Amino acid sequence: MKKALRISSKFVLLLLFLTVATLLIFIFQAKGNIEKVPSVFGYKALTILSNSMQPEFNAGDVILIDNNLEPKVNDVVTYKHPDGIMITHRIIGTVKKNSEVFFITKGDNNNVDDQILIPRRNIYGIKKFIIPKAGYIAKFVSSPVGFFIFIALPLLILTIIEIFQRLGLINEKRNEQIRS
């Protein structure tokens, strides 16, 4: 029973380590470039930087966008602005020019529309889910202090525990306590 528990706990720790390592690789790989953000089951996670879509969501929230759906009026979409920045706003209308459909967008908290027509090729995805305040957590974990607290320190502690177990220092103390 103890052996099975030990093996399962090591498996869970390994799985946790691999998950955290993968997430960190994705976070550092993307760094503001939507093309590099990994898509998991068709969803991409993006952090909201402004309050232009209040009350739908706030700065610091994370949204999951689905890049496999076709946008329509009233969808909240993330698109690439001609200036090169990403914007997440609601589609309020469409215009057809030269047999191509363009979208008109506006932030829910803004008084006017975005004053540009967005072609379908510039739309990265449609908002499906909101994770409130998760952007702050991701930002902290990717900072040097957050990386040390949540990644480096736990790995160091696990490594030290593993070394003590392999040297028999932890098990010997436990056996001495049982004998007493």
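Quick rundown of the values:
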quantity	calculated
Residue that is under 19 Å from the mean Cα position of the chain (by Cα) and either charged (D, E, K, R) or over 22 Å from A59 (Cα atoms) (or both), where the choices are I160, I151, I131	I151
Restricting segment 82-120 to residues that are in contact (Cβ under 8 Å) with a residue 40 or more places away in the chain and surrounded by fewer than 18 Cβ atoms within 10 Å (Cβ to Cβ), the residue that is farthest from L49 (Cα to Cα)	R120
Any pair with Cβ under 8 angstrom, 6 or more apart, that starts in segment 131-154 at a residue that is in contact (Cβ under 8 Å) with a residue 12 or more places away in the chain and ends at one that is in a helix (DSSP H, G or I) and surrounded by fewer than 14 Cβ atoms within 10 Å (Cβ to Cβ)	S142/F28
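No value in this document is a laboratory result; all are computed from the given coordinates. Just so we're clear, the structure is a prediction, and the values are computed from it rather than from any experiment. Virtual Cβ from ideal backbone geometry, glycine too; neighbours counted across all protein chains shown.
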